[in-house]
């Protein structure tokens, strides 16, 4: 699956390279508060691609941080539930005693009771 993603990304950048080379005319970029004077179209396309990749990487990093935080919370919850389960098992084992389900206090002798 990763190879397919790499091939798609490589094809995308190859197409950008072709479009940038074919469109070598100068353009003027009008931003909100200022204007960037004649710049080759290839440089504009390359800059837009670089900023797009950077933005996508930033989103991926933020998403990864959220996943790690959730993972830590779930690990703590799992650890707590395992400790609680162990405590319940220990109480159950103490309650059952050596008879495997019957305790000596119920009035029936167990198989390990030496008084029988």
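The values are calculated or read from the model by the stated rules, or taken from the named source; none is laboratory data. A quick note: this is a predicted structure, and the numbers were derived from the prediction, not measured. With ideal geometry, Cβ positions are generated from the backbone for all residues, glycine too; neighbour counts draw on all protein chains shown.
State whether the residues of segment 54-68 include one that is without any contact (Cβ under 8 Å) to a residue 24 or more places away in the chain and farther than 30 Å from residue 13 by Cα. Don't jump to the end; show me each part of the working.
Pass one, segment 54-68, residues without any contact (Cβ under 8 Å) to a residue 24 or more places away in the chain: 54-68.
Pick out the ones that are also farther than 30 Å from residue 13 by Cα and you get 68.
Yes.
Conditions (1) assigned to a helix (DSSP H, G or I); (2) modelled with pLDDT of 90 or more; (3) surrounded by 10 or more Cβ atoms within 10 Å (Cβ to Cβ); (4) in contact with a helix residue (DSSP H, G or I) (Cβ under 9 Å, 6 or more places away or on another chain), marked per residue:
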{"residue": "65", "(1), (2), (3), (4)": "yes, yes, yes, no"}
{"residue": "73", "(1), (2), (3), (4)": "yes, yes, yes, no"}
{"residue": "89", "(1), (2), (3), (4)": "yes, yes, yes, no"}
{"residue": "94", "(1), (2), (3), (4)": "yes, no, no, no"}
{"residue": "110", "(1), (2), (3), (4)": "no, no, yes, yes"}
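Hey, could you check segment 1-54 for residues that are surrounded by 11 or more Cβ atoms within 10 Å (Cβ to Cβ) and either part of a strand (DSSP E or B) or at positive phi (or both) and say which is modelled with the lowest pLDDT?
Among residues in segment 1-54 that are surrounded by 11 or more Cβ atoms within 10 Å (Cβ to Cβ) and either part of a strand (DSSP E or B) or at positive phi (or both), the one modelled with the lowest pLDDT is 36.
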